[in-house]
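The structure appears below as structure tokens.
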Amino acid sequence: MADALHLLKLSVGTENVEDLAAWQASAPAKGPDGRPRHVTRMWPRQEAALLDGGSIFWVIKGLILVRQQIVALDEVIGSDGIRRCAIVLDPHLILTETRRKRPFQGWRYLKGADAPCDLSRADRSEERLPPQLQAALAEIGVR
């Protein structure tokens, strides 16, 4: 994954990873194949690189917390006749190391070398610190 190209996207209105999972499980978020989709107006120019092992890293409340594998990019024509890109996602959410990220519009490319690492099973225990505290500790070099 270190050499893959990824997307970084704000999950607007989401309070936590559970909210993101609940939204993606709802009918409006699913495509005809039952997989969650995120529809965006812009089509990624680096489509081939994204489809070669890329993920979308979700920023929730100013923190990168989770990622999902990008499965496909599908064309969607809205009721307004505008062509959009549906980013088709694997439904499995993968928790990542917590990292602060300032707000931005749209999405950004994220090089694999700059992406947060996935959490190990040990790091996913019920006794995890709140994400804001994890981010603060990471900023000062405590993991």
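Cβ-Cβ distances below 9 Å connect the following pairs, each with a first residue in the stretch 54-69 that is at negative phi, a second residue that is surrounded by fewer than 21 Cβ atoms within 10 Å (Cβ to Cβ) and aromatic (F, W, Y), and a separation of six or more residues or different chains: I56/W107; V59/F104.
Considering only residues in the stretch 47-69 that are under 20 Å from A113 (Cα atoms) and charged (D, E, K, R), the one that is surrounded by the most Cβ atoms within 10 Å (Cβ to Cβ) turns out to be R67. Can you confirm whether the stretch 88-102 contains a residue that is at pLDDT 95 or above and under 13 Å from L7 (Cα atoms)? Taking every residue of the stretch 88-102 in turn, at least one turns out to be at pLDDT 95 or above and under 13 Å from L7 (Cα atoms). Only residues that are modelled with pLDDT of 70 or more and in a helix (DSSP H, G or I) were counted across the stretch 107-130, and they come to 3. For the stretch 1-46, a tally of residues being in a strand (DSSP E or B), of a type outside the set (K, R) and surrounded by 18 or more Cβ atoms within 10 Å (Cβ to Cβ) returns 7.
Of the residues making up the stretch 42-53, not one is in contact (Cβ under 8 Å) with a residue 60 or more places away in the chain and touching a Pro at 6+ places or on another chain (Cβ under 7 Å). Condition check for I94 on (1) more than 30 Å from P130 (Cβ to Cβ); (2) without any contact (Cβ under 8 Å) to a residue 40 or more places away in the chain: one failure, at (1). A49 fulfils the conditions (1) more than 13 Å from the chain's Cα centre (by Cα); (2) in a strand (DSSP E or B) except for a single criterion, (2).
Just checking, how many residues over the stretch 71-106 are outside any strand (DSSP E or B) and farther than 17 Å from D52 by Cβ? Walk me through it before giving the result.
Residues of the stretch 71-106 outside any strand (DSSP E or B): 78-82, 90-93, 101-106.
Subset that is farther than 17 Å from D52 by Cβ: 78-82, 91-93, 101-106.
Qualifying residue count, the stretch 71-106: 14.
The values are calculated or read from the model by the stated rules, or taken from the named source; none is laboratory data. Not measured: the values here are computed from a predicted model. Neighbour counts run over all protein chains shown; Cβ positions are idealised from the backbone, glycine included.
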